[in-house]
Amino acid sequence: MKPVVVKVGGGSLKGGALEDLPGILGSGTEIALVHGGGPQLTRMLDALGLPTCFHEGLRVTDGETLEVAEMVFAGSVNKVLARELYAMGVPAAGISGTDGPTLIVEPVPELGRVGEIKRVETDLVEALWAGGFVPVVAPLGLGLEGAYNVNADAAAAALAVGLEAWRLFLLTDVDGLLKDGALVGSLAPDECEEYVASGLAAGGMVPKLRAAAEAARGGVSATIINGNREGALAAAIAGEEVGTLISEGVVA
């Protein structure tokens, strides 16, 4: 079976969909995790007296902010997540996109040290799989001036396409994309931006829809599921209708 890529938040794992990982790994499926950590970064910036500024939903990152972001993402968040996974019986190895390097980026000028992924090198992830480890990837990329901050949803989508994964799973705190309180079961990639433009998708759902659409256009179907529900990830991998599927095979 082809590998799967799972994007998770930077919070605790207990009692959620990632409790399914030991069983999924036992079936022989290779998994790579990409994590966020925006709230932890904001708290650290506040503690240091540094401003937080966003432009169209993306964090503006100057040199000082990048230094803190690397400390938080590749340091505390990444290592806590790897330890929690190990405690669950998952042999996790924490890296960032700059290691290898894995995620090669070009700068987004209006955002400072924020990178847009242009190339994915899969050698390090595949080497970790060969050693029996689950890669846990922090959202940083390597560019002309060193490290760059990368949106975690976009990083997960790019990695999934680069690895030619079977599926990308984007974990969130709701059951998927909702319309009038009801779950939207499936979308074509081109429909994602329509939901954003109409305002039916807002907040953290926007980058997830855009990342899912990019993955789908790159040949990897994506599913947005509730990361707080134990069993959700296993059910989705087993082919049950869970969450919101974004795929080229969906008729708009």
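The values are calculated or read from the model by the stated rules, or taken from the named source; none is laboratory data. On a predicted model such as this, the values are computed, not experimentally measured, just so you know. Because the Cβ atoms are built from the backbone with ideal geometry, glycine has one as well, and the counts that use them run over all protein chains shown.
Please go through segment 98-117 and give me each residue that is of a type in the set (A, V, I, L, M, F, W, C) and at pLDDT 95 or above, ordered by number. Before you say what the answer is, go through the steps one by one.
Within segment 98-117, the first condition is being of a type in the set (A, V, I, L, M, F, W, C), and the residues that meet it are 103-105, 108, 111, 114, 117.
Listed by number, the residues that qualify are Leu103, Ile104, Val105, Val114, Ile117.
Taking residues in segment 18-33 that are touching a residue at least 12 places away in the same chain (Cβ under 8 Å) and on the phi > 0 side of the Ramachandran plot, and partners anywhere that are surrounded by fewer than 16 Cβ atoms within 10 Å (Cβ to Cβ) and hydrophobic (A, V, I, L, M, F, W, C), the pairs with Cβ atoms closer than 8 Å and at least 6 places apart or on different chains are Gly28/Met1. Among residues of segment 95-139 being free of Cβ contacts under 8 Å to residues at least 40 places away in the same chain and under 18 Å from Asp62 (Cβ atoms), the one that is surrounded by the most Cβ atoms within 10 Å (Cβ to Cβ) is Gly115. Considering segment 114-208, the qualifying helices (runs of 4 or more DSSP H), each wholly inside and each with 1 or more residues that are more than 20 Å from the chain's Cα centre (by Cα), run over 123-130, 189-198. Restricting attention to segment 180-226 and to residues that are charged (D, E, K, R) and surrounded by fewer than 18 Cβ atoms within 10 Å (Cβ to Cβ), the residue that is modelled with the highest pLDDT turns out to be Arg217.
Would you check which residues across segment 189-223 are touching a residue at least 12 places away in the same chain (Cβ under 8 Å) and among the small types (Gly, Ala, Ser) and list them? If you could, list the steps in order and put the result at the bottom.
Kept after step one, since they are touching a residue at least 12 places away in the same chain (Cβ under 8 Å), are these residues of segment 189-223: 189-193, 195-196, 200-201, 204-223.
Hits for segment 189-223 are Ala201, Gly204, Ala211, Ala212, Ala213, Ala215, Ala216, Gly218, Gly219, Ser221, Ala222.
The lone criterion from (1) over 20 Å from Leu18 (Cα atoms); (2) in contact (Cβ under 8 Å) with a residue 12 or more places away in the chain left unmet by Asp180 is number (2). Looking across segment 77-103, the residues that are over 22 Å from Pro207 (Cβ atoms) and in a helix (DSSP H, G or I) come down to Lys79, Val80, Ala82, Arg83, Glu84, Leu85, Tyr86, Ala87.
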